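All remarks here apply to the structure that follows.
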Amino acid sequence: QVQLVESGGGLVQSGGSLRLSCAASGSIISIYAMKWYRQAPGKQRDLVAAITSDGIINYADSVKGRFAISRDNSKDTVYLQMNSLKPEDTAVYYCNAVLATVRQRVPSNYWGQGTQVTVSS
């Protein structure tokens with residue numbers, strides 16, 4: 001059974017910073033990509049940032065220059081450093097991983113439970 005456990009959300013003032021972490025655990029063979037999505041109330045879930053096993057990174061235009069995604073392959077953990085936060089960054093942030101396990105060798109999507117980020121003006 002795969003688990004993605006997120007941490008690091010919270011309340012911060014506009015212009016502040018937060019660092020999110022997401023650790024994957026379970027019978028994992030290989031992780032192909034790890035991503036962060038966010039969903040604000042009444043809106044769809046959108047991709048924020050993604051990083052592949054080869055280190056290829058992409059960001060949503062709205063966070064370029066402010067957010068940085070990184071990954072520790074030895075710990076199966078992905079991070080999202082969020083700087084210069086704005087009230088419009090307020091959302092539930094979800095970790096996503098595309099990975100293969102001992103029982104499911106075809107790469108599949110897995111999701112964390114989400115962590116709330118609230119930016120006050």
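Annotations
- Of all residues in segment 103-121, those that are touching a residue at least 60 places away in the same chain (Cβ under 8 Å) and among the aromatic types (Phe, Trp, Tyr) have Cβ atoms under 9 Å from Cβ atoms of residues that are open to solvent by less than 100 Å² (accessible area, probe 1.4 Å) and part of a loop (DSSP other than H, G, I, E, B), 6 or more apart or on another chain, in 110/2; 110/26.
- Among the conditions (1) open to solvent by 40 Å² or more (accessible area, probe 1.4 Å); (2) hydrophobic (A, V, I, L, M, F, W, C); (3) within 25 Å of residue 106 (Cβ to Cβ), residue 50 misses just one, which is (1).
- Subset of segment 82-117 that is open to solvent by 50 Å² or more (accessible area, probe 1.4 Å) and hydroxyl-bearing (Ser, Thr, Tyr) - its residue that is farthest from residue 32 (Cα to Cα): 84
- Of 74, 14, all but one fail to be open to solvent by 60 Å² or more (accessible area, probe 1.4 Å) and closer than 23 Å to residue 121 by Cα; the exception is 14.
- Residues considered: 59, 79. Of these, the only one that is in contact (Cβ under 8 Å) with a residue 24 or more places away in the chain, buried (at least 16 other Cβ atoms within 10 Å of the Cβ) and closer than 17 Å to residue 19 by Cα is 79.
- In the condition set (1) touching a Ser or Thr at 6+ places or on another chain (Cβ under 7 Å); (2) of a type outside the set (Asp, Glu); (3) exposed (fewer than 14 other Cβ atoms within 10 Å of the Cβ), residue 23 is compliant with all but (3).
The values are calculated or read from the model by the stated rules, or taken from the named source; none is laboratory data. Every value quoted in this text rests on a predicted model; they were computed, and no experiment measured them. Counting neighbours? That spans all protein chains shown, and the Cβs are built from the backbone with ideal geometry, glycine included. SASA here: full protein model, heavy atoms, side chains in, ligands and nucleic acids out. Shrake-Rupley method; radii C 1.70, N 1.55, O 1.52, S 1.80 Å.
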